[in-house]
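Beneath this line is the structure, given in structure tokens, with notes to follow.
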Amino acid sequence: MKDQKNKAVCFGEVLWDIFPGEQKRIGGAPFNVAYHLSKMGVDVSMISSVGDDQLGHDLLEKMKNWNIPAEHVQINTQYPTSTVIATVDENNDAHYDIVEGVAWDFIDITTENQEILNSADALVFGTLAARNGKTRNTLFQLLELGGYNVFDINLREPYYEVGMIKDLLHKTHLAKFNKAEMRMMLDFLGKDYTTEEDGIRYLQDQFDLEEIIISKGSKGALYANQDNFYLYPTIPVTIKDTVGSGDSFLAGFLSKRLEAGSTVHETMVQAVSLGAFITSQEGACPEYSLEDFIRFKNGHPISALS
């Protein structure tokens, strides 16, 4: 029998983002989702791998301090903990070198990480972790066990392959794209872009997708459930950092979506509010409490766009 808390498993990369002139910051899209799910009161587990090195030990210590269970984060003695080297160009745009041959490229399938999926309400994964055959094979085995597979599509050159994306979408219940990624996917499939709704319906039909989210930046977010479309606006805030805003949006969405009896309105308000709240702070995983977020959400009421 399940306890009261909803349970989610996040699979994939945990890493250190290293910015010029700054201390390292913990990151990785699935980890960011796990962090915010935990803040929202979801019982979350992270399946990943770190090296048997100082960066790996620091990362595990950080997870412990944040009360995110690390027992399913494997320690790899052959490959190092992942780092992403960030550089900033003359236009103040950040560019990332996602170093290859790191621990999370070699996540093993284990009895333990198969067992936790038996009681999980969602399995969250992305594109990047499937760049290497070892972790990709582990992911596909776990997707066979997932009852609600949530695919956060991050198309980062050169770390994806179209055939693999298609295979993952066929195993997916909820897919999250940004608008550019949706158009790229339609282009990969040879489908002309006409309207957003037409594109969404095409993807639903092609991959038997039950749910699709399209994040649209300043123009809000769209959620499609069967033949229903729900558009919600962005909450205007003073932007401090956009890194990880999509991950917090997804965590907000899932934290309500998994609650019995939640409405689409409640779910989308939670998603948009958490995305805006995190964008108004420094870093993808800023320190905050659930009470801090609730105060922000209550102070920024929103309604669906017609």
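Mind grabbing the base-10 log of I(q)/I(0) for the range 107-230 at q = 0.11, 0.15, 0.19 Å⁻¹? Debye formula, identical points on the C-alpha positions, no solvent, two decimal places.
-0.38, -0.69, -1.06
To make sure I understand the rule: partners must be aspartates and glutamates, Cα under 16 Å from the Cα of K24, and not fewer than 8 residues away in the same chain. Which ones qualify?
Cα-Cα hits under 16 Å: E13, D53, D58, E61, D97, D241, E282, E287.
Using the beta-carbon distance between I239 and E157 and R0 = 30 Å, what value does 1/(1 + (r/R0)^6) give for FRET efficiency, to the nearest 0.05?
Given R0 = 30 Å and the Cβ-Cβ separation, E is 0.75.
Per-residue accessible area for W66 at 1.4 Å probe radius, Å² rounded to 10?
Number for this one is 40 Å².
Cα extents of the range 176-306 along the three principal axes, largest first, in whole Å?
Between the extreme Cα coordinates on each principal axis of the range 176-306 lie 45, 32, 24 Å.
Lys pairs in the range 141-271, Cα-Cα under 30 Å, at least 8 apart or on separate chains: how many?
Qualifying lysine pairs in the range 141-271: 28.
Using only DSSP helix segments of four residues or longer, with each worth -39500 (n - 2.57), what per-residue ellipticity at 222 nm results for the chain after dividing by its residue count and rounding to 500?
-10500 deg cm²/dmol
E71 versus Y288, label points 7 Å from Cα toward the beta carbon: distance in nm?
3.0
Determine the relative contact order of the chain: mean sequence separation of Cα pairs under 8 Å and six or more apart, normalised by residue count, in whole percent. Don't skip to the end; give the middle numbers.
Details: 598 pairs, mean separation 45.6, N = 306.
Rounded, it is 15 percent for the chain.
Report the Cα centroid-to-centroid distance between the range 19-65 and the range 211-241 in angstrom, as an integer.
Computed from Cα coordinates, the inter-centre distance equals 26 Å.
Compare L189, L305 by solvent-accessible area with a 1.4 Å probe and give them largest first, with all protein chains kept in place.
Greatest to least solvent exposure: L305, L189.
Measuring from label point to label point, each 7 Å out along Cα→Cβ, what is the T110 to E266 span in nm?
Label at T110, label at E266, 3.5 nm between them.
If you place +1 on the Cβ of every Lys and Arg, -1 on the Cβ of every Asp and Glu, and leave all else neutral, what size is the dipole of the chain about its Cα centre, to the nearest 20 Debye?
The dipole of the chain has a size of about 620 debye.
Considering the options G12, V264, T127, tell which one lies farthest towards the positive end of the dipole of the chain, charges being +1 on Lys and Arg and -1 on Asp and Glu at the Cβ, about the Cα centre.
In the chain, that residue is V264.
For the range 53-125, what is the charge dipole size about the Cα centre, in debye to the nearest 20, if Lys and Arg each add +1 at the Cβ and Asp and Glu each add -1 at the Cβ?
With only Lys, Arg, Asp and Glu charged at Cβ, the dipole is about 260 debye.
For the chain, build the charge dipole from Cβ charges (+1 Lys, Arg; -1 Asp, Glu) around the Cα centre, then report which of S303, F207, G27 sits farthest towards its positive end.
Selected residue: S303.
Work out how far the C-alpha atoms of the range 162-207 reach from end to end along every principal axis, then list the three figures in whole Å, largest first.
Largest to smallest, the principal-axis extents are 26, 18, 18 Å.
Considering only protein heavy atoms, with the full assembly of protein chains and a 1.4 angstrom probe, order D241, D208, D198 by accessible area, largest first.
D208, D198, D241
For the chain, report the convex hull volume of the alpha-carbon atoms normalised per residue, in Å³, without decimals.
Roughly 139 Å³ of hull volume per residue.
So for the chain: antiparallel DSSP bridges make up what percent, rounded to the nearest 5?
Percent antiparallel among DSSP bridges in the chain is about 40.
Between E61 and F140, what is the FRET efficiency for a Förster distance of 25 Å, r being their Cβ-Cβ separation, to the nearest 0.05?
The formula returns an efficiency of 0.20 here.
Provide E61, E196, E157, E90 ordered by accessible surface of protein heavy atoms (probe 1.4 Å), highest first. Numbers along the way, then the final one.
Numbers: E61 90, E196 30, E157 140, E90 165 Å².
So the residues, ranked largest to smallest area, are E90, E157, E61, E196.
The values are calculated or read from the model by the stated rules, or taken from the named source; none is laboratory data. This one's a predicted model, so the numbers in the text were calculated from it and none came from an experiment. So basically every Cβ, Gly included, is an ideal-geometry build from the backbone, and we count neighbours across all protein chains shown. Heads up: the accessible areas ignore ligands, DNA and RNA and are worked out on the full protein's heavy atoms, side chains in. Shrake-Rupley method; radii C 1.70, N 1.55, O 1.52, S 1.80 Å.
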